[in-house]
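*Asks:* Here's a structure for you.
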Amino acid sequence: MALKISKKCINCDMCEPECPNQAISYDGIITVIDPARCTECKGHYDTPTCIAVCPIDVIAVDPEHVETEEQLYDKFVALHGDLLISKSAP
Ligand code: SF4
Ligand code: SF4
């Protein structure tokens, strides 16, 4: 499932540059995660890197966006398919 940032976020900007999917953004008021782009870091890291860097632990799973491992990996392929093809090319 995608992750979600709670209202306790202090907008420190530690997480946004670490996201491999450009799923995190600051809209001028709050920092948010786009569930269409969040893969829980599947395909990039073993664990969600935004959670690892958040200094106050305000990122958690979003129960409104439940996805299987397969769906998350499919999202990774959809976002980074070009990267996979170029890496496998001779
Ligand atoms: S879990 Fe990974 S893909 Fe999802 S918002 Fe955090 S850093 Fe980005
Ligand atoms: S690292 Fe944590 S506190 Fe900082 S902007 Fe991201 S979610 Fe908010």
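The values are calculated or read from the model by the stated rules, or taken from the named source; none is laboratory data. Predicted, not measured: the structure shown is a model, and the values here were computed from it. Here Cβ is always computed from backbone atoms with ideal geometry, including for glycine, and neighbour counts include all displayed protein chains. To get the accessible areas, we keep the full protein, side chains included, count just its heavy atoms, and leave off ligands, DNA and RNA. Shrake-Rupley method; radii C 1.70, N 1.55, O 1.52, S 1.80 Å.
*Asks:* Against the definition (within 12 Å of ligand 2 (Cβ to nearest atom) and modelled with pLDDT of 95 or more), how does Cys50 come out, yes or no?
*Replies:* It is true that Cys50 is within 12 Å of ligand 2 (Cβ to nearest atom) and modelled with pLDDT of 95 or more.
*Asks:* I want to confirm something. Restricting to the range 1-56 and keeping residues that are assigned to a loop (DSSP other than H, G, I, E, B) and of a type in the set (Gly, Ala, Ser), which single residue is farthest from the chain's Cα centre (by Cα)?
*Replies:* Once the filter is applied, the top-ranked residue is Gly28.
*Asks:* For the structure I just gave you, tell me whether Glu40 is within 10 Å of ligand 1 (Cβ to nearest atom), open to solvent by 30 Å² or more (accessible area, probe 1.4 Å) and over 13 Å from Ser6 (Cα atoms).
*Replies:* yes
*Asks:* May I ask you to list the residues in the range 26-47 that are farther than 13 Å from Val58 by Cα and within 10 Å of ligand 2 (Cβ to nearest atom)?
*Replies:* Passing the criteria: only Tyr26.
*Asks:* Moving to a separate point now. Give me the residue from the range 57-68 that is in a loop (DSSP other than H, G, I, E, B) and β-branched (Val, Ile, Thr) and, out of that set, nearest to Lys7 (Cα to Cα).
*Replies:* Ranking the candidates gives Val58 first.
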